[in-house]
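Trainee: Below is a structure I'd like to ask you about.
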Amino acid sequence: MHASTRKRRRRWPWIVLGSVALVLVLATGGIVFGGTQVLLTPHHGMVTALGKVIAVDDNEITLSRTDAATRVGTYGLVWDGADGEQTGSAVIGPVLTSTAKTVTRPISNVIGRLSAGTEVQLNPNIHTRDPKVSLGIDFSNVAVDGELGAMPAWQVPGTGSTWVLFVHGIDGQRESGLRPLPTIVDAELPTLLITYRNDVGAPASPSGLIALGQTEWRDLEAAADYALTQGATSFVLYGDSMGGSIVTQFMHQSPHAERVVGMVLDAPVLNWAGVLQGQAERLHLGFLTTPLQAAVEWRGDISLAMLDELDQTAAFEHLPILLFQGLADPLVPPAESESVANALPGARYVPVADAGHIQSWNVDPETYEGHLADFLGQFAP
């Protein structure tokens, strides 16, 4: 056999292995970069597809049986018109009956046309309109002037000078605050449901990316500035999901932190590194945790250490805190919420079985509102 032929034959396994390694490297890089982009790019959507309506009347709706359709609790239902714009919404209650193929739930508060065959989505926010349309609660549309420009907010009147500042989570909307709003109104506390950079109607960040709370806290500070001009003297900060990260960064960095008298946290992100690790492990890609964390820090110019509250609770350990955490949360590790709550002398920890991410209210509204009313009572005028 010719010598050059033997050399080529000896070389081909290494060429194949090199090619495989290159493909794996490129695939890994694609997963890491893609995951980073998904996390940091604003999408403004929290709905889950449910499929088509099988039947509906004034009181009940029947859906195809899916994991989403059987989810425990009360949720919003939304659907699009022929032009792709959202045109309808409703509220669906806990499962009434189910078969191997269908699920029937109560339906109420229907706005828009809903009929069999309509494609619908599940919305944990329940309400998709403003406080007046959704709940009959009076409010004012206001603009909060931040460092990047004006940000829309809903101002709900109350008495006294302790204001609740509600901060929604990543890719969320201020409508998230409409679930607890009736309880806050019953406590007679003035409330501001804010937006922040990269929200719909608010200015984009300079990079166009989400900073996981590292810069968004400044927009909460601007909301506090606005509230002070309206007569506020102290604040209860209410944050869900990434709103928890924004709230805790505010406590570390804002000069207004001394005015905060209490905090409500719902499935708060208190350690983004832990969230990223959990998501990688959930996809059986735990080996990508470190590169994913590094990519998020690089792409977003973010310090995950700065956003890790597990060992940085001194800034708010003196406060009364109410912390809700769903035990079926696929995003925030419940163990981390419990750990932080246990480290805070004034914290009341409320774990909720079967609740997904920021869905503790949805699973058990009555119990949620009972805890919240009791907590807010100490700040009532």
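The values are calculated or read from the model by the stated rules, or taken from the named source; none is laboratory data. Bear in mind that the values here come from a model prediction, so they are computed numbers and not experimental data. Cβ: placed from backbone, ideal geometry, glycine included. Neighbour counts: every protein chain shown. Areas reflect the complete protein model, heavy atoms only, side chains present, ligands, DNA and RNA absent. Shrake-Rupley method; radii C 1.70, N 1.55, O 1.52, S 1.80 Å.
Trainee: Normalized C-alpha radius of gyration of region 260-381, against 2.2 N^0.38 Å?
Mentor: Region 260-381 yields a ratio of 1.16.
Trainee: Roughly what % antiparallel, to the nearest 5, for the DSSP beta bridges in the chain?
Mentor: Restricted to the chain, the bridges split so that about 60 percent are antiparallel.
Trainee: Enumerate the amide H contacts of residue 96 below 5 Å, restricted to partners 5 or more residues apart or on another chain; note that Pro and chain-start residues carry no placed amide H.
Mentor: Under 5 Å from the amide H of residue 96: 104, 105.
Trainee: If you don't mind, another one. May I ask you to order 347-353, 143-149 by the average number of other C-beta atoms within 10 Å around their residues, highest value first?
Mentor: Values: 347-353: 18.0, 143-149: 16.1.
Ranked by mean Cβ neighbours within 10 Å, highest first: 347-353, 143-149.
Trainee: Another one. Starting at the first residue of region 231-236, write each ³J(HN,Hα) from the Karplus equation 6.51 cos²θ - 1.76 cosθ + 1.60 with θ = phi - 60°, in whole Hz, x for Gly and Pro.
Mentor: x, 5, 10, 8, 9, 10
Trainee: Moving on to the next point. Amide H neighbours of residue 163 under 5 Å, counting only residues 5+ apart in sequence or on other chains, H built in-plane at 1.01 Å?
Mentor: Hits under the 5 Å cutoff: 233, 234, 235, 236.
Trainee: Further question: Show 104, 290 ordered by accessible area, largest first, where the area counts protein heavy atoms only and the probe is 1.4 Å.
Mentor: Greatest to least solvent exposure: 290, 104.
Trainee: Return one whole number: the accessible area per residue of region 330-381 in Å², for a 1.4 Å probe.
Mentor: About 44 Å² of surface per residue is accessible.
Trainee: Let me ask another. Can you pull the Rg over Rh of region 326-366, Cα-only, Kirkwood?
Mentor: Numbers: Rg = 10.4 Å, Rh = 10.5 Å.
Rounded to two decimals, Rg/Rh equals 0.99.
Trainee: With no solvent and one point on each alpha carbon, what is the Debye value of log10 I(q)/I(0) for the chain at q = 0.09, 0.12, 0.14 Å⁻¹?
Mentor: -0.56, -0.94, -1.25
Trainee: Per the 1.4 Å probe, what fraction of the accessible area of region 208-362, in percent, lies on carbon and sulfur atoms?
Mentor: Solvent-exposed carbon and sulfur of region 208-362 make up 52 percent of the total.
Trainee: Rounded to the nearest whole Å², what accessible area per residue is found for region 209-251 with the 1.4 Å probe?
Mentor: Numbers: 790 Å² over 43 residues.
Here the per-residue accessible area is 18 Å².
Trainee: Using the Karplus curve 6.51 cos²θ - 1.76 cosθ + 1.60 with θ = phi - 60°, work out ³J(HN,Hα) for each residue of region 108-113 in order, rounded to whole Hz, and write x for Gly and Pro.
Mentor: 8, 6, 6, 10, x, 8
Trainee: Could you tell me what fraction of 2.2 N^0.38 Å the Cα radius of gyration of region 151-286 comes to, as a two-decimal ratio? Write down the numbers at each step before the final one.
Mentor: Values: Rg = 15.1 Å, N = 136, 2.2 N^0.38 = 14.2 Å.
Taking N as the residue count of region 151-286, the ratio is 1.06.
Trainee: So if I take the centroid of the Cα atoms in region 315-337 and the same for region 227-253, what is the distance between those two points in Å?
Mentor: Between the Cα centre of region 315-337 and that of region 227-253, the gap is 16 Å.
Trainee: Rounded to the nearest 20 Debye, what is the dipole magnitude of region 249-381 about its Cα centre when Lys and Arg each give +1 and Asp and Glu each give -1 at the C-beta?
Mentor: Result for region 249-381 is approximately 220 debye, rounded to the nearest 20.
Trainee: Another one. Less than 10 Å Cβ to Cβ from residue 178, Lys/Arg counted +1 and Asp/Glu -1: what total charge do the surrounding residues give?
Mentor: Summing Lys and Arg as +1 and Asp and Glu as -1 gives +1.
Trainee: Taking a ≥ b ≥ c as the square roots of the Cα gyration tensor eigenvalues, with a/c under 1.5 meaning rounded and otherwise prolate when a/b beats b/c, else oblate, which class fits region 64-150?
Mentor: Working: a/c = 2.30, a/b = 2.02, b/c = 1.14.
Because a/c hits 1.5 or more and a/b exceeds b/c, region 64-150 counts as prolate.
Trainee: Rounding to the nearest 10 and keeping the result within 0 to 90°, find how far the Cα-based axis of helix 217-229 lies from the longest principal axis of the chain.
Mentor: That works out to roughly 10 degrees.
Trainee: Roughly how many debye, to the nearest 20, is the charge dipole of the chain about its Cα centre, given +1 on each Lys and Arg Cβ, -1 on each Asp and Glu Cβ, and no other charges?
Mentor: 2380
Trainee: Could you check which residue among 110, 156, 167 shows the biggest mean-square fluctuation in a GNM of the chain with a 10 Å Cα cutoff?
Mentor: Highest fluctuation of the listed residues: 110.
Trainee: Follow-up. Relative to the longest principal axis of the chain, what angle (0 to 90°, nearest 10) does the C-alpha long axis of helix 3-40 take?
Mentor: That works out to roughly 10 degrees.
Trainee: May I pose another question? What is the helix-to-structure angle for 289-300, meaning the angle in degrees between its Cα long axis and the longest Cα principal axis of the chain, kept from 0 to 90 and rounded to the nearest 10?
Mentor: Helix 289-300 sits at roughly 60 degrees to that axis.
Trainee: Tell me, what HN-Hα J-couplings in whole Hz come from the Karplus equation 6.51 cos²θ - 1.76 cosθ + 1.60 at θ = phi - 60° for each residue of region 96-101, using x for Gly and Pro?
Mentor: 8, 9, 8, 10, 5, 10
Trainee: Just to be sure I understand: with springs between alpha-carbon atoms less than 10 Å apart, which residue in 100, 204, 335 has the highest mean-square fluctuation in the Gaussian network model of the chain?
Mentor: Per the Cα network of the chain with a 10 Å cutoff, 100 tops the list.
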